[in-house]
1. Just to be sure I understand: of the beta bridges DSSP finds with both ends in the chain, what percent are antiparallel, rounded to 5?
2. Å³ per residue of the Cα convex hull, for the range 41-91?
3. Would you mind checking the tilt of helix 52-64 against the longest principal axis of the Cα atoms of the chain, expressed as 0 to 90 degrees and rounded to 10?
4. Could you please rank Ser317, Ser324, placing first whichever residue has the fewest other Cβ atoms within 10 Å of its Cβ?
5. So what is log10(I(q)/I(0)) for the range 67-118 at q = 0.13, 0.22, 0.26, 0.29 1/Å, when the Debye sum runs over its Cα atoms only?
6. Beyond a 23 Å Cα-Cα separation, which of these cross-linked pairs lie in this structure: Lys270/Lys392; Lys164/Lys347; Lys12/Lys61; Lys46/Lys409; Lys164/Lys423; Lys347/Lys434?
7. Just the Cα atoms of the range 1-73: what Rg and Dmax do they give in Å?
8. Mind jotting down the distance between the C-alpha centroids of the range 237-270 and the range 442-470, whole Å?
Amino acid sequence: MIYTDTRDSSVKVDFKTAVMNGMNQATGGLYIPTSFPKLDPAFINKNPTPSFREIALQMAKPYVEGEIPEEDLIGIIQDAYPFSPKVAPLDSVSYVLELFHGPTCAFKDFGARFMARTMSYFNRNESTPLHILVATSGDTGSAVGSAFHNVPGLDVTILYPEGKISPLQEKQLSTFTGNVRALKVKGTFDDCQKLVKTAFTDTELRGKLRLSSANSINISRLLPQSFYYMYAALIANNRAAMDNKIHSPAIIMVVPSGNFGNLTSGLIAKEMGAPIAGFVAATNTNRTIPDWIATGDYNARPSIETYANAMDVGAPSNYERIKSMYTLDQVREMFASYWLDNDGILKAIEACNKKTGYIIDPHGAIGYKAWEDIKNGGIADLVAGVKGDFNKPGLTPNVPSWAQRVIDKKAVGVILETASPAKFGQVVTDAIGKEPPIPARLEEVMRLQDRAIPMNNDYNQFKEWLLANL
Ligand SMILES: *Cc1c(COP(=O)(O)O)cnc(C)c1O
């Protein structure tokens, strides 16, 4: 597969270059495949639905062709995914796609684990380790630390702002041994990011250590997220006839979004032939994309803190990929778009639990509420020309191409549950008056010894530490 760049279509690189560079330093653009090959319809139409790992293999193949032989790719996928996504019915026209069954209980495990193994593969003939530096405000660091832990040839240093992440997040970052360690920096997330960025531009340091990043914009994190969209769409397609008496339903993927990497992966799955009719782009108060869809003006802005804090992104990087794939009109036809404030998040967690018994996390709750509104008259209103004020929580005024299917009760929603509610225990407890159950692997990590290394917000100290310890 040839990869190009969102800012310069004359750029042509292979998969290894795209993975190892992360982004194109020369243009500031993001790598994107030049085509999205369709899966064989005979594979897509198989009944019963192929397993998650079979789907992963078939979808990954064209993107690594000529660079990773099939037997090695099978090994990467088996090692990356000892767990699967799960599709749980919520009501007669709604499913939850549970993406939190990996080691850190959030969907980022799917992308980070594939990235770690492909980087390790491409580093296999090097005599020295590749040092990954990551600055994190919480969730990314734990997914990356866990994904790279004990992966050969790779070494990870995570920087986080001391006292500014939750106790559970801190345990998830700071308790690794071996090739992964955490530095607790006396500063903010921005200070951590600056230390990392300075290291990347330090030619003396780079002369001594091979450095790389594990950024969420890396194409090797985006591609594997498309696997679970295909999987969920095929499951929903096969099950809707039985569960809901709907044959060939319009399947709508409802995606709680921040940086829009997850949603972009959904677009890739649709391009590859997944039976997906459309998407709901659901955000918290960081509503840069809903505003763009409503007005046509894209205005990146500083992020605002919310209860769904993994989605607190005011300048979503993957806007650039979406824009390179589709026109605004196409986006408005494919997407409904929705945003919700903190008060709405609490009410949605409570309503979901009351109505269905399901305990949903603050991120998934935004998706839940968006789909509730859509199927309970929100889309019918849009079709009838009744449009709400998009400056208030709710839907943007565009009418997606699948609107009539919802009104005709021929659509099912698949709500992506991006994290376990136990990761956001306090918000969930405030909303429903009881604590969500804690998965054993989260309880275990809380008992491990904290090994974080204190670090001042001082580049020279950081550099000396790297040179002395890596
Ligand atoms: C990262 C994250 C998101 C947002 O995903 P994007 O790809 O940035 O849109 C949503 N929910 C959770 C729990 C996350 O960790």
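Coordinate-derived values only; no laboratory data. Computed from a prediction, not measured in an experiment: that's the story for all the values here. Virtual Cβ from ideal backbone geometry, glycine too; neighbours counted across all protein chains shown.
1. Beta bridges within the chain, antiparallel portion: roughly 30 percent.
2. In the range 41-91, the Cα hull volume divided by residue count equals 110 Å³.
3. For helix 52-64, the angle is close to 60 degrees.
4. Ser324, Ser317
5. Log10 I(q)/I(0), no solvent term: -0.40, -0.80, -0.95, -1.06.
6. Those over the limit are Lys270/Lys392; Lys164/Lys347; Lys46/Lys409.
7. Using the Cα atoms of the range 1-73, the pair Rg, Dmax is 14.7, 47 Å.
8. Each part reduced to its Cα centre gives a spacing of 40 Å.
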